[in-house]
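**Q** Can you read through this structure? Questions will come right after.
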């Protein structure tokens, strides 16, 4: 089957989207007090670090970044091969934090549901917000992002791929058609 | 990185990739065990039966904690309460359990091969928690995890295993797993406790404690089963301790940073003196801690779909 | 009634015959062996492409009758024997009750006469109840039809009792058959002691448990001057002990089973309870020594140790499974397979299945000499078949050869000139 890729965002486009999201996060939360970013493995954790760096540049304030692996909270264990479980690292307490969950692509919402369950098991944040680079639609759960880099209408058999370079910096977003 | 085993019957079936994946996964699970809320919903709705035909506190508790932390529903059946005493065959026991549709059966049995027997007859995944003198894979894997945490890698390490090798399933599982991971294994036991042909595993057989310990990175002491002795295998516990026991003096033959391990329960003053068992080099309680993480990893890895037979 | 067996290749080790010869049977007796016999009034059996041999004799079977008829009985056991080409079997005394008395011997012989299709020769116990404490009434038992004495499965560990048994049985010139195993050495072992047992974590039975027992038994036989037969030998050590004993004139003979000639301890892997036997399956080196023993005459006979067990006795943990396998219906093709492999000659194999057991048990059988009883086995040496235990005539299915493709199939078995088995597929 022929495969074709369409470039949705290039490196500069991604940077502009993340910059805008950084501003929106600061505006919504009135600065960085009690703020924390938590990236979802794998992809969301890289973006969370990018956002933290941008917020640092804008606000000159360091926002703590955590990484969670939601494999153990997935609801599809009996439908697929097991995945390797990576470490969850939260170098701060979640209690009373304003937590921004960061993921690269929002699709059915099941990953976000799992991530929220995982966060709840790890502490009691004041609130949880959601930042995604791409929202491709097809939600199966009542989940809505607070910050969106780009809305990309897709069909179910298409795929969105966020590519990272060796420094884990995002370089492009591709729409893959089968 | 697929894990292709339905059952965990022994380390003999595991490849080096399998073992690495299990240890990596266990490391991730270890973090969960350090949280305030030590529970993830991964095996919610799965039923695990711990079928123990042999008395065991530590292994059963470790499996039970692993199951509960993965949110599985676990049920314990021990020989004293089971129908075994009423003369039921293992096949009938298996069939009856099967009718209740468990997802996983963790079995400990005094007969070597009992887990294989079950695996051939039931649909549930079987985890061997120790069968006769055959294998005890989860113990070996937690030992490997503990060694790897301290030494970084297993490759090239000198691991001395000392004690009743003949009757030790811990020794068998460890020898196989350690050799696969590139470690050198040395064995020491009285001639009455060294199984024939064991050198075919690639392990080296020693006759003197000092030689076996010389330059060792890890010293693994096995429990001498006092209840089995008193007959013909060793003349006395006293003599055993003198020639095969680990003490502060002979431990000096090993590397200064050698780890001292023991699968427990310890016979203090027999296979190991108290000062060594409690000394700086001992990692015995880390072994216990890692046991929960390794068992969580095993239960998790055999729970995925699209697995093929072992 | 006359029967003429034509066009077959006749092999009779008792007469050193291997030739295309016809056999004429008249009234259950061999009437003539010759080239191209003609007879107008005989029933004709065309044995083209077949071997015609003296009826095979299995000097070691367990018919389980009386007492364990759910495993086997004289009816099913003798039919299984006939299907395997055996015209005579010697049955071991470990029945319930033990065959240590004339009443039980009578029962076996009567039932064999009424229900059996092949000759049944009872072996009586050496000691009452197989307990190793006091001797059975050997004289009466011999008169009653027992052909040997054995505590099979229970080595007579009491050396004095074994000495007395040999001395006493010597009066009647009846051999004692010893299952040579020093139980204080074999202990709770369940398979051969060695690397496979080490890997499987199963308790081993070292070869010395057999060798030590054989040494003692051979020494007692030498001391008493009586006849001793060591059954189902399994170690290279035993072969050597018997070889040297024979060389210095000890009256000792021995047999080996087809499974000890074909399988090694490797068969136990996977905890296969159908590979659990006593003596245990040994190593490839032992197999070689056993072949050599057959070639040089150290080993006299091949016997199956046919040991039927119910599924429930085998479908358990390896430690708990009972010892032994059925052997009557697979023995001949397994032996032929070894002949094909060059382990020993066809003549050696057939002698071990005919003349040797007849000689050891003093049976007027195992030969196609003119005037002898017409016990005849006709088999197709080329016919391939797959072992399917469901089709066994034995009541039991405990075979480690399930699914094996074997070559050589019995076409017809005659006992005293009467066809007791015929392969309807041929």
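The values are calculated or read from the model by the stated rules, or taken from the named source; none is laboratory data. Keep in mind the model is a prediction, meaning the values are calculated, not measured. Virtual Cβ from ideal backbone geometry, glycine too; neighbours counted across all protein chains shown.
**Q** Does at least one position in the range A:137-151 carry a residue that is within 14 Å of chain B (Cβ to nearest Cβ), closer than 24 Å to residue A:24 by Cα, crowded, with 20+ Cβ neighbours inside 10 Å and in contact (Cβ under 8 Å) with a residue 24 or more places away in the chain?
**A** no
**Q** Now for a separate question. When residue B:143 is evaluated against the numbered criteria (1) buried (at least 24 other Cβ atoms within 10 Å of the Cβ); (2) more than 28 Å from residue C:196 (Cβ to Cβ), which criterion, by number, is the only one it fails?
**A** (2)
**Q** Also, I was wondering about something else. For the range B:258-307, how many residues meet the condition of being in contact with a helix residue (DSSP H, G or I) (Cβ under 8 Å, 6 or more places away or on another chain) and outside any helix (DSSP H, G or I)?
**A** Residues in the range B:258-307 being in contact with a helix residue (DSSP H, G or I) (Cβ under 8 Å, 6 or more places away or on another chain) and outside any helix (DSSP H, G or I): 22 in total.
**Q** Quick one: count up the residues across the range C:116-144 that are in a strand (DSSP E or B), in contact (Cβ under 8 Å) with a residue 60 or more places away in the chain and farther than 15 Å from residue C:176 by Cα.
**A** Qualifying residue count, the range C:116-144: 1.
**Q** Output the residues belonging to the range B:1-35 that are within 14 Å of chain A (Cβ to nearest Cβ), in contact with a strand residue (DSSP E or B) (Cβ under 8 Å, 6 or more places away or on another chain) and in a loop (DSSP other than H, G, I, E, B).
**A** Residue satisfying the conditions is B:6 alone.
**Q** Filter the range C:264-308 down to residues that are under 29 Å from residue C:122 (Cβ atoms), more than 14 Å from chain B (Cβ to nearest Cβ) and part of a loop (DSSP other than H, G, I, E, B), then give me how many there are.
**A** Matching residues across the range C:264-308 total 13.
**Q** Continuing with the same structure: For residue C:328, indicate whether it is over 15 Å from the mean Cα position of the chain (by Cα) and either assigned by TED's automatic domain parsing to the domain that holds residue C:77 or without any contact (Cβ under 8 Å) to a residue 24 or more places away in the chain (or both).
**A** Criteria not met by residue C:328.
**Q** Identify, by number, the condition in (1) away from chain B (no Cβ under 13 Å); (2) crowded, with 20+ Cβ neighbours inside 10 Å; (3) touching a residue at least 40 places away in the same chain (Cβ under 8 Å) that residue C:243 doesn't meet.
**A** So the condition that residue C:243 fails would be (2).
**Q** Here's another thing I want to ask about it. Can you find even one residue in the range B:84-103 that is at pLDDT below 95, more than 14 Å from every other protein chain (Cβ to nearest Cβ), part of a loop (DSSP other than H, G, I, E, B) and closer than 29 Å to residue B:265 by Cα?
**A** Within the range B:84-103 (the criterion being at pLDDT below 95, more than 14 Å from every other protein chain (Cβ to nearest Cβ), part of a loop (DSSP other than H, G, I, E, B) and closer than 29 Å to residue B:265 by Cα), the answer is no, since none of the residues qualifies.
**Q** Here is a follow-up. Take residue C:336 and decide whether it is under 30 Å from residue B:118 (Cα atoms) and surrounded by fewer than 24 Cβ atoms within 10 Å (Cβ to Cβ).
**A** So residue C:336 fails the test.
**Q** Moving on to the next point. Right, residue B:130: under 9 Å from the mean Cα position of the chain (by Cα) and crowded, with 24+ Cβ neighbours inside 10 Å or not?
**A** For residue B:130, the condition - under 9 Å from the mean Cα position of the chain (by Cα) and crowded, with 24+ Cβ neighbours inside 10 Å - is met.
**Q** Identify, please: which residue in the range C:32-49 is over 31 Å from the mean Cα position of the chain (by Cα) and in a loop (DSSP other than H, G, I, E, B) and is, among those, nearest to residue C:373 (Cα to Cα)?
**A** Checked the range C:32-49; the qualifying residue nearest to residue C:373 (Cα to Cα) is C:42.
Every residue, every condition in (1) buried (at least 24 other Cβ atoms within 10 Å of the Cβ); (2) under 20 Å from residue C:175 (Cβ atoms); (3) within 19 Å of the chain's Cα centre (by Cα), yes or no:
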position: C:84; (1), (2), (3): yes, no, yes
position: C:89; (1), (2), (3): yes, yes, yes
position: C:93; (1), (2), (3): yes, yes, yes
position: C:98; (1), (2), (3): no, yes, no
position: C:102; (1), (2), (3): no, yes, no
position: C:110; (1), (2), (3): no, no, no
position: C:114; (1), (2), (3): no, no, no
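**Q** Would you confirm, using the coordinates I've provided, whether residue C:371 is on the phi > 0 side of the Ramachandran plot, part of a loop (DSSP other than H, G, I, E, B) and more than 14 Å from chain B (Cβ to nearest Cβ)?
**A** Spelling it out, residue C:371 is indeed on the phi > 0 side of the Ramachandran plot, part of a loop (DSSP other than H, G, I, E, B) and more than 14 Å from chain B (Cβ to nearest Cβ).
**Q** Here's something else I'd like to know. Quick one: in the range A:63-101, which of the residues that are part of a loop (DSSP other than H, G, I, E, B) and without any contact (Cβ under 8 Å) to a residue 12 or more places away in the chain is nearest to the other protein chains (Cβ to nearest Cβ)?
**A** It comes out as A:82.
**Q** Would it be correct to say that residue C:393 is in the same structural domain as residue C:68 (by TED's automatic domain parsing), more than 17 Å from residue C:255 (Cβ to Cβ), surrounded by fewer than 20 Cβ atoms within 10 Å (Cβ to Cβ) and under 18 Å from the mean Cα position of the chain (by Cα)?
**A** Criteria not met by residue C:393.
**Q** I need the full set of residues from the range B:233-256 which are buried (at least 16 other Cβ atoms within 10 Å of the Cβ) and closer than 20 Å to residue B:167 by Cβ, in order please.
**A** Scanning the range B:233-256 gives B:233, B:234, B:237, B:240, B:241, B:244, B:245, B:246.
**Q** Mind telling me which of the residues C:41, C:27 ends up being at positive phi and in contact (Cβ under 8 Å) with a residue 12 or more places away in the chain?
**A** Within the list C:41, C:27, the selection yields C:27.
**Q** Taking the condition within 23 Å of the chain's Cα centre (by Cα) and either within 14 Å of another protein chain (Cβ to nearest Cβ) or buried (at least 20 other Cβ atoms within 10 Å of the Cβ) (or both), does residue C:197 pass?
**A** It is false that residue C:197 is within 23 Å of the chain's Cα centre (by Cα) and either within 14 Å of another protein chain (Cβ to nearest Cβ) or buried (at least 20 other Cβ atoms within 10 Å of the Cβ) (or both).
**Q** Another one. If residue C:322 satisfies all but one of (1) closer than 26 Å to residue C:205 by Cα; (2) crowded, with 24+ Cβ neighbours inside 10 Å, what's the number of the condition it fails?
**A** Checking residue C:322 against (1) closer than 26 Å to residue C:205 by Cα; (2) crowded, with 24+ Cβ neighbours inside 10 Å, the one that fails is (2).
**Q** Could you check how many residues of the range C:156-178 are surrounded by fewer than 23 Cβ atoms within 10 Å (Cβ to Cβ) and in contact with a strand residue (DSSP E or B) (Cβ under 7 Å, 6 or more places away or on another chain)?
**A** Counting residues in the range C:156-178 that are surrounded by fewer than 23 Cβ atoms within 10 Å (Cβ to Cβ) and in contact with a strand residue (DSSP E or B) (Cβ under 7 Å, 6 or more places away or on another chain) gives 3.
**Q** Can you spot a residue in the range B:113-121 that is within 14 Å of chain C (Cβ to nearest Cβ), without any contact (Cβ under 8 Å) to a residue 40 or more places away in the chain, assigned to a loop (DSSP other than H, G, I, E, B) and crowded, with 24+ Cβ neighbours inside 10 Å?
**A** Checked against the condition, which is being within 14 Å of chain C (Cβ to nearest Cβ), without any contact (Cβ under 8 Å) to a residue 40 or more places away in the chain, assigned to a loop (DSSP other than H, G, I, E, B) and crowded, with 24+ Cβ neighbours inside 10 Å, the range B:113-121 yields at least one hit.
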